[in-house]
Amino acid sequence: MSKDRHNKKEEKRLALKILYEDVKAAKLLMKIPGRMCSNGATETCSLYVKQGCKGTNQDSMLAWENFTADKSIFLGIFDGHGPNGHIVSNKVRDCLPLLLTSPIESLLGEGFYDITPNVHEPLGSGSDTQPSILDDANDDRAKGKDDCDDEGSVLTEEKFIAAFHKMDERLKVLNRTNCMSSGTTAIAMIIQGRDFMVGSVGDSRAILATRSANGSLVAHQLTVDLKPNSPGEKERIQKCEGRVFALDNEPDVFRMWLPHSNTPGLAMSRAFGDFHLKDYGLIATPVISRRKLTDEDEFIVLATDGVWDVLSHMEVIDAICSSPLKEEAAKRVVDAAANAWRTQHWPSRMDDCAVVCHFLKNELIPPSTSILKSNVSGKLDTMNLEDSTFGGPIRASQPLVRYDTFAISHLDFEIPQLCQGKGV
């Protein structure tokens, strides 16, 4: 048997193995209490998604309570794009949380497939040869540990980055054709006690609503909209021979293009999938931020760009606070976004909208006043960093002063500027 034939046979075998594992996991995931990926509510979360006017809904979402231990939760939002974007976003929604529970040694090891035996251990696969992350969590609780140590906790930057890279590898091996011109954004957040960490690729966004001393709510932006023209992103793409420019009919929307072809025009600089761009500067390395929650923090909102393109941070907060029931909060936001698309923009171009709202307290108290004024023109994804006014170096833990500007500078993160392909 020739070497090429053997490699193709082995590649097919491994792809079938992953497919079997994913089908098995999907069946088990449906039975897990506290895990929700459809419209509805859990004990602490409200979720809602609405299809836009562009065809199949490609947004997906996830809230998973008691994720790896009591009082831990996973929140995720995923916005697919391309012909198979809905498939990619759903697969990342189902697989990425499991990768985040895998031992870091498996994620960083050379053998990609040595993670597959353990990935589903938390779901009760019945294997008695590998300890599961839930076993570790139970051991911690038995020892009286409310919060896991950083060394063994899922809340490590190393684990987030490794899991994102492994997820991208998984998509590539499973079915390269489906993901060549399709992909998804992702925000993955894990909350453990008062600590949380969030990793993101693409232009979906997460915010934290915090009550100020005068009773008003202030928005903290927890993620960065990763656009092709963002500082550092454009330089990486061009170094890898990709191109970045905006079309004449949409001068404010910068897109990523192949070196010698005016395709595909991807409006983000990091994403899962889209493998025809991975040699030209597109990466799946997440931007990571972490912080400690305080008594003043009220709720966290994750949403796709179908919401943020038409609503400001304060409009989202107001929609949530206007909901008589916390269970309906996410729907209130989506309804407000849909109304904005109908009345202020082009109804026929309405994008899919997905929202996950996680409440940190039992009662939702409307803000007494609003210190965030709607007098800043332009939206976040169409503004340049130099348009933002900062009173010194701003970190992810500081509140927004202007809700339509970046909460943080890309330079405040230590982002590995990896160029995949081209020998860089």
Quick check: the distance between the Cα centres of region 230-279 and region 177-199, to the nearest angstrom?
21 Å
Residues with amide H under 5 Å from that of ASP309, placed H, sequence gap 5 or more:
none
Using each residue's phi in region 317-328, evaluate 6.51 cos²θ - 1.76 cosθ + 1.60 at θ = phi - 60° and report the 3J(HN,Hα) Karplus result to the nearest Hz, with x for Gly and Pro.
4, 4, 4, 5, 5, 7, 6, x, 10, 4, 4, 9
Classify region 1-81 as rounded, prolate or oblate from the Cα gyration tensor: take a ≥ b ≥ c as the square roots of its eigenvalues, call it rounded if a/c is under 1.5, otherwise prolate when a/b beats b/c and oblate if not.
oblate
Going by average Cβ density within 10 Å per residue, which order do the peptides 36-49, 237-250, 180-193 take, highest to lowest?
180-193, 36-49, 237-250
Using θ = phi - 60° and Karplus 6.51 cos²θ - 1.76 cosθ + 1.60, couplings along region 234-244 (whole Hz; Gly, Pro as x):
4, 4, 5, 4, 5, 5, 8, 6, x, 10, 10
Starting from the amide H of SER182, placed 1.01 Å from N in the peptide plane, find each other amide H under 5 Å away whose residue is 5 or more places distant or on another chain.
ASP274, PHE275
Please list the non-local residues whose amide H lies under 5 Å from the amide H of ASP297, H modeled 1.01 Å from N, same-chain partners needing a gap of 5 or more.
ARG211
Tabulate in residue order the Karplus-calculated ³J(HN,Hα) for region 30-47, using 6.51 cos²θ - 1.76 cosθ + 1.60 with θ = phi - 60°, rounded to whole Hz; enter x for Gly and Pro.
5, 9, 7, x, x, 10, 9, 10, 10, 4, x, 8, 9, 5, 10, 10, 10, 10
Greater than 25 Å separation of Cα atoms is the criterion. Which listed pairs, LYS54/LYS91; LYS17/LYS54; LYS239/LYS292; LYS9/LYS166, meet it?
LYS17/LYS54; LYS239/LYS292
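Can you give the FRET efficiency to the nearest 0.05 for THR343 and CYS53, using r as the Cβ-Cβ distance and R₀ = 22 Å?
With a Förster radius of 22 Å, E is 0.90.
Quick note: the coordinates plus some simple rules give every number you see, no bench work behind them. Here the structure is a predicted model, which is why all the values come from computation and not from measurement. Positions of Cβ are backbone-derived with ideal geometry, glycine not excepted, and every protein chain shown enters the neighbour counts.
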